[in-house]
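We did not get these values from a lab; they are worked out from the coordinates using the rules stated. Every value quoted in this text rests on a predicted model; they were computed, and no experiment measured them. Please note: Cβ atoms are built from the backbone with ideal geometry, for glycine as well, and neighbour counts cover all protein chains shown.
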Amino acid sequence: MNNRNNPVLQGLQWLRLFENESVNTYAQAAEIIGVCRGRVWQLVSLVTRLPKEITDFLVANKDPYIRAHFSERRLRPLTLLEFNEEKVKQFQKMLMEVPKPS
C-alpha cells in the first residue's frame, strides 16, 4: 500500500516538508505537493492530533486489512477526543472491529 492510500503515512510525509525544507505555510507545502492548502492542513492536522502510539502502530503495521480499515474518515473522530488516553482506548476498540479475511 502506498502513502497515497494511507492517510497517516501521507500526513507524516507532508509534515516532514515543514521540518526538512524552507516551508513555513500550508500554502507553500500545497504548492510543492500539488494539492490545495486545505488538504495539506487536513492530513497534517490528522497526524499531529493522533497520539504517537497510534501513528507508530499504523506506520509499522503491514497488515493490508488494518491499513485499509483505518481510513482518514475512521481516524478523524479520534482527533476530536480531548485526551490521548481516550484516543488510544477508542482506537483499540476500533482495532477489534477490523474485518479479517475469510
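May I ask you to list the trypsin sites (Lys or Arg not before Pro) in the range 34-92 that are in a DSSP loop and have at most 10 other Cβ atoms within 10 Å of their Cβ?
Working: sites: 37, 39, 49, 52, 62, 67, 73, 74, 87, 89; in loops: 62.
Sites meeting the loop and neighbour criteria: 62.
Based on Cβ point charges of +1 for Lys and Arg and -1 for Asp and Glu, what charge dipole magnitude is obtained for the chain about its Cα centre, in debye rounded to the nearest 20?
Working: 15 positive and 11 negative charges, 68 e Å.
Dipole size: approximately 320 debye.
Using only the alpha carbons of the range 32-102, what is the convex hull's orientation-averaged projected area in square nanometres? Walk me through the intermediate numbers first.
Values: hull surface 22.6 nm².
Computed as one quarter of the Cα hull surface, the answer is 5.7 nm².
List the GluC sites (Glu not before Pro) in the range 34-98 that DSSP assigns to loop (not H, G, I, E or B) and whose Cβ has at most 12 other Cβ atoms within 10 Å. Which are they?
Values: sites: 53, 72, 82, 85, 86, 97; in loops: 82, 97.
Listed in order of number, the matching sites are 82, 97.
For every helix of n ≥ 4 consecutive DSSP H residues, a contribution of -39,500 (n - 2.57) applies; sum these over the chain, divide by its total residues, and give [θ] at 222 nm rounded to the nearest 500 deg cm²/dmol.
Details: 7 runs with 71 residues, N = 102.
My calculation for the chain gives -20500 deg cm²/dmol from helical runs alone.
Can you pull out the chymotrypsin sites (Phe, Trp or Tyr not before Pro) in the range 19-99 whose DSSP state is coil and whose Cβ has at most 10 other Cβ atoms within 10 Å? Write down the numbers at each step before the final one.
On the way: sites: 26, 41, 57, 65, 70, 83, 91; in loops: 70, 83.
Of the chymotrypsin sites (Phe, Trp or Tyr not before Pro), the ones in loops of the range 19-99 whose Cβ has at most 10 other Cβ atoms within 10 Å are 83.
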